[in-house]
Amino acid sequence: NTSYTADRWKVSTNEAAGVTVTKFTASPDTGLACMKVTVASAGATKSWAVYQLVENYADYRGKTVSASVRVYTTVASAIRVDLADNVSSAASSYHTGDGTWQTQTVAYTVNTAATQLYVAVGMSVAGDKRDGDYYFDGAMLAIGSTALTFIPTDSTLELAQCQRYYEKSNIVTVHPSDPDYLPVSIGAVYGATSVRYNSNY
């Protein structure tokens, strides 16, 4: 529970045991891999999902957004897509369990008082948790009531967007006795108010 998986998708479950998330490359819907979730020994009143938090949720208050996810499973009426904030939520129909890739879509108008926004794929209602293998691919979130087909972004744009997870330093100090020697820095957070940062030259 609360563990991050690929691309900052996070696990949510009220029964931590029996949920395994792996990378699946044998037969993804698009690209080279998809997410596989295996559920075993499911509790009768338990639920689980993988979800993606929208960082700039405040920008979507009062707006309609839609999500689409490609889903594959042979378990009927177990997997769906949810859009939710802290006020309310909306859900797609369940996958039929016919052993094909299906596009699950949902639209939702974000509450003006929302303090979060996320897309979830899984068994979000208590009692939905059922044993089996579930595959997810091509998740897409868009503004408007019409769900869009997944379109991969340009790798250059992906790298630029990843800069929000680190700070780039423009300071380069050359060692006085060795012009090819550049500094290496290591830092760590030790608590709510304690940070140690060492610069080695």
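The values are calculated or read from the model by the stated rules, or taken from the named source; none is laboratory data. Since the model is a prediction, treat every value here as computed from it, not as a measurement. Quick reminder, even Gly has a Cβ in these numbers, built from the backbone with ideal geometry, and neighbours come from all protein chains shown. These area figures cover heavy atoms from the full protein model, side chains too; ligands, DNA and RNA do not enter into them. Shrake-Rupley method; radii C 1.70, N 1.55, O 1.52, S 1.80 Å.
Points worth noting:
- Every condition in (1) under 15 Å from Val54 (Cβ atoms); (2) of a type outside the set (Gly, Ala, Ser); (3) at pLDDT below 95 is met by Tyr108 except one, and the failing one is (3).
- Conditions (1) of a type in the set (A, V, I, L, M); (2) surrounded by fewer than 19 Cβ atoms within 10 Å (Cβ to Cβ); (3) not in a strand (DSSP E or B): number failed by Ala78: (2)
- Where Ala58 falls short, out of the listed (1) within 27 Å of Asp154 (Cα to Cα); (2) part of a strand (DSSP E or B): (2)
- Scope segment 97-107; condition surrounded by 15 or more Cβ atoms within 10 Å (Cβ to Cβ) and not in a strand (DSSP E or B); matching residues: Gly97
- Across segment 13-33, the number of residues qualifying as open to solvent by less than 50 Å² (accessible area, probe 1.4 Å) and at pLDDT below 90 comes to 4.
- Verdict on Tyr94 being open to solvent by 10 Å² or more (accessible area, probe 1.4 Å) and either in a strand (DSSP E or B) or among the β-branched types (Val, Ile, Thr) (or both): no
- Residues that are among the β-branched types (Val, Ile, Thr), open to solvent by 20 Å² or more (accessible area, probe 1.4 Å) and either in contact (Cβ under 8 Å) with a residue 12 or more places away in the chain or assigned to a loop (DSSP other than H, G, I, E, B) (or both), drawn from segment 108-161: Thr109, Thr112, Thr115, Val125, Ile143, Thr146, Thr149, Ile151, Thr153
- Residues within segment 4-35 that are over 17 Å from the mean Cα position of the chain (by Cα) and either assigned to a strand (DSSP E or B) or of a type in the set (Lys, Arg) (or both), tallied: 0
- Segment 34-74: number of residues that are open to solvent by less than 30 Å² (accessible area, probe 1.4 Å) and either among the β-branched types (Val, Ile, Thr) or without any contact (Cβ under 8 Å) to a residue 40 or more places away in the chain (or both): 8
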